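The values are calculated or read from the model by the stated rules, or taken from the named source; none is laboratory data. Since the structure is predicted, the reported quantities are computational estimates derived from the model, not experimental observations. Glycine also receives a Cβ, built like all others from the backbone with ideal geometry; neighbour counts cover every protein chain displayed.
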Amino acid sequence: MSTNLLFTSDLKQFLLNTVIFLSLSFFPLFNQATELRGTGDLGVVVERATGSILIVDTTTRTRLSKVEGFGDLSHASVVFSRDQRYAYVFGRDGGLTKVDILLGTIVNRVIQAGNSIGGAISQDGQLIAVSNYTPGGVKLFAADSLELLADLPTNSKVVGLVDAPGQRLVFSLFDTGEIWVADVHNPRQPEIKKFTNVGKQPYDALIFPNGRYYLAGLFGEKGFALLNLWQLEAGVKRILPDYGKGEETLPVYKMPHLEGCGITDDHLLVPAVGQHTVLVIDRHTWQQVKSIPVHGQPVFVMARPDGRQVWVNFALPDNDTVQVIDTTDFSIIKTLTPGKAVLHLEFTPRGEAVWVSVRDEDRLVVYNTETFESIATLPADKPSGIFFTARAHKIGQ
Amino acid sequence: MNMKWLLAIIFYIFPSMIFANELSSDRQKTLLYLLRQDCGSCHGMTLKGGLGPALLPETLANKPTEFLVQTILDGRPNTAMPPWRGLLTQAEAVWLVAELVKGIPHEH
C-alpha cells in the first residue's frame, strides 16, 4: 500500500516535471511574437502609393510588420514619442496617425486639415504640431490623446516646422515670406513672434543639432534666411544672396529638402536650388566657401552622424544616383546607382549603415558606409521616407 | 462660341484625339505613373493639391486646355511649377491635360 502510494506520487512528480520541462523549453518558440524588446533600433518606412508603413529592424535588417490605413502619403513625415514606442505619421491628406510600433497597430488617427506637409514633437514630448497647406497654419495636439489644443492660422502654406529648445516651435510661411517662433509653454495659448520679409518663398528649413540656428532655404530668390534662436532680437539675417551667380537656373522638378542637412564641425552643406551644386557654408562667418559640382539637382544632402561623409540624392531625371562627399576635402568619393527614383536616405544611429529607398524598384537598399557595399535589400511598396527611432532624441526631428 | 474657344478646339482638343492614339499604351502608363508620383510630389498623389493646386476635373473645368498645356510645357514663372518641355512632348502634355480633365482613376 505504502509502496504503491510512493510509486504514484513519484509518477505524478515525474509527469509534472516533464510537463514543466517541455513547456519551458518550448516557451520561447511559441511565444516569440510577444518577447520583450526595445525599440531603439527600429524604424518606419513610408510606402507612399499604398498609404501604408513598414516597421523595420535596423539590427537584423528585416521588416517586422506592415501597417495600413494612412490615406495619401505622397508627402509624409514621421516623428517619434520620446519613449520611442509611438510614431506620429503626418500624411498629405491632413491625416495625423499615432502608431504603436511594437504592436504594429494604429492607436489613433485624426484628419486635421485638408492638406498637410509635416510635423514636429515638442521638447517635452507632450505636444504634436502639424504644419498645413490648406487651410494654411499650424495645429497643436496633445501627444497622448491627439486632442486639438490650438490652431494657428497663417494665411500661407507652412513649411520647415521644427521643435526648438525652450518649448518652442519654429516654422516658415511659403507664400508670405515669414518665419514664426511660437512659444508653446501654454499650448492652448501659444505666444508668437513673427519675422517678416525674410525672403521670397521659403521652401523648407533646418535647425542645428543644438537648436541654436534656424535656416530657411528660399525658392523665389537666391539665398537663405538665418535666425539665431539664442538671440531673437538680432532678427533674421540673409546669407548667400547670390550663390551660383551667372549659372543657369534649371527647372526644379522636385523641391530640395533641408531637414537632416550636412552639418560638420566647421561647415554646413546644403542643396542649391535649380543647380547641380552642393553649397558649402562656413558655420562661423556664414559665407559660402565652396560649391561642389554634383551629378544632378540635389534633394537631400544628409550628413552621416559623425559628419565625415555627406550623402546626396537627386531630382528627376537624375534620381537613380547617390553621391558621397568626403567632408575633409569636399571631394566626391563614391557614386552609387541604387536604382530608379531614390527618394530618401536615413543613417543608422551611429552611421555604420545607411538605408536608401528606391521607389520605382519597390525596394530598400542598405549600404555599409565604410565599404559602400550593399549589405541588404528589402522589398517595399513604392517606399519614400525612412525614419529611425533615434530621431526621438534629436532636436528638430 | 468665341474665336479663342474655336481655336482651342481646332488646335488642342481635336489633335489631342489624334495624338492620344499615337501614344503607345506603354507610354500612357508611364505618363500616368509620372503624373501620380512626380507631379504628385507637388500636386498630391491623388491630385488633390499640395504645394501646387489640385488638378481635379472640377478645378480645371473652366480653364482653357491650351492654357493648361502651356502651363505644363513652359511652367509658370515665379511659381514652383517647372517647365516640363524636355521631359514631355507637346502631344504628351495634351494627352495629360485630357486625362486630368476627364479625371484620373484611382489605382487603389
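Quick grid of which residues meet (1) surrounded by 22 or more Cβ atoms within 10 Å (Cβ to Cβ); (2) in contact with an Asp or Glu (Cβ under 9 Å, 6 or more places away or on another chain); (3) aliphatic (A, V, I, L, M); (4) without any contact (Cβ under 8 Å) to a residue 24 or more places away in the chain:
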residue	(1), (2), (3), (4)
A:Ser172	yes, yes, no, no
A:Asp204	yes, yes, no, no
A:Pro209	no, no, no, no
A:Leu215	yes, no, yes, no
A:Leu232	no, no, yes, no
A:Ile239	no, no, yes, no
A:Gly246	no, no, no, yes
A:Pro251	no, no, no, yes
A:Glu259	no, yes, no, no
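Name, by its number, the condition in (1) in a strand (DSSP E or B); (2) charged (D, E, K, R); (3) within 14 Å of chain B (Cβ to nearest Cβ) that does not hold for A:Lys254.
It fails just one condition, (1).
Regarding the range A:93-111, can at least one residue be identified that is within 12 Å of another protein chain (Cβ to nearest Cβ) and either assigned to a loop (DSSP other than H, G, I, E, B) or among the polar types (S, T, N, Q) (or both)?
yes
Any residue that is in contact (Cβ under 8 Å) with a residue 12 or more places away in the chain and within 14 Å of chain B (Cβ to nearest Cβ) - is there at least one of those in the range A:182-198? Please lay out each step first, then the result.
Narrowing the range A:182-198 to residues in contact (Cβ under 8 Å) with a residue 12 or more places away in the chain: A:182-185, A:187-190, A:192-198.
Remaining after also requiring within 14 Å of chain B (Cβ to nearest Cβ): none.
No; the residues of the range A:182-198 include none that is in contact (Cβ under 8 Å) with a residue 12 or more places away in the chain and within 14 Å of chain B (Cβ to nearest Cβ).
Can you give me the number of residues within the range B:25-39 that are modelled with pLDDT of 90 or more and touching a helix residue (DSSP H, G or I) at 6+ places or on another chain (Cβ under 9 Å)?
Of the residues in the range B:25-39, 8 are modelled with pLDDT of 90 or more and touching a helix residue (DSSP H, G or I) at 6+ places or on another chain (Cβ under 9 Å).
How do the helices (runs of 4 or more DSSP H) wholly within the range B:26-108 filter down when requiring 3 or more residues that are more than 9 Å from chain A (Cβ to nearest Cβ): which remain? Reasoning before the result, please.
Values: elements: B:40-43, B:57-60, B:65-74, B:90-102.
Where helices (runs of 4 or more DSSP H) fall fully within the range B:26-108 and carry at least 3 residues being more than 9 Å from chain A (Cβ to nearest Cβ), they are B:57-60, B:65-74, B:90-102.
Can you find a residue that is surrounded by 18 or more Cβ atoms within 10 Å (Cβ to Cβ), within 21 Å of A:Asp204 (Cα to Cα) and touching a residue at least 24 places away in the same chain (Cβ under 8 Å) anywhere in the range B:40-50?
yes
Determine which single condition A:Lys340 fails, assuming it passes every other condition in (1) free of Cβ contacts under 8 Å to residues at least 60 places away in the same chain; (2) away from chain B (no Cβ under 14 Å).
(2)
Which residue pairs have Cβ atoms under 8 Å apart, sit 6 or more places apart or on different chains, and have a first residue in the range A:48-62 that is farther than 12 Å from A:Gly385 by Cα and modelled with pLDDT of 95 or more and a second that is in a loop (DSSP other than H, G, I, E, B) and among the hydroxyl-bearing types (Ser, Thr, Tyr)?
A:Thr58/A:Thr348
Quick one: A:Thr371 ticks every box in (1) polar (S, T, N, Q); (2) farther than 30 Å from B:Leu31 by Cα; (3) assigned to a strand (DSSP E or B) except a single one, so which number is it?
A:Thr371 satisfies every listed condition except (3).
What is the number of the single condition among (1) modelled with pLDDT of 95 or more; (2) closer than 26 Å to A:Asn313 by Cβ; (3) touching a helix residue (DSSP H, G or I) at 6+ places or on another chain (Cβ under 9 Å) that A:Phe219 does not meet?
(3)
Kindly provide the set of residues from the range A:330-362 that are in a strand (DSSP E or B) and either in contact with a His (Cβ under 8 Å, 6 or more places away or on another chain) or of a type in the set (Gly, Ala, Ser) (or both), ordered by number. Show your work before the answer.
Keep residues of the range A:330-362 that are in a strand (DSSP E or B), which gives A:331-336, A:342-347, A:353-358.
Hits for the range A:330-362 are A:Ser331, A:Thr335, A:Ala353, A:Val356, A:Ser357.
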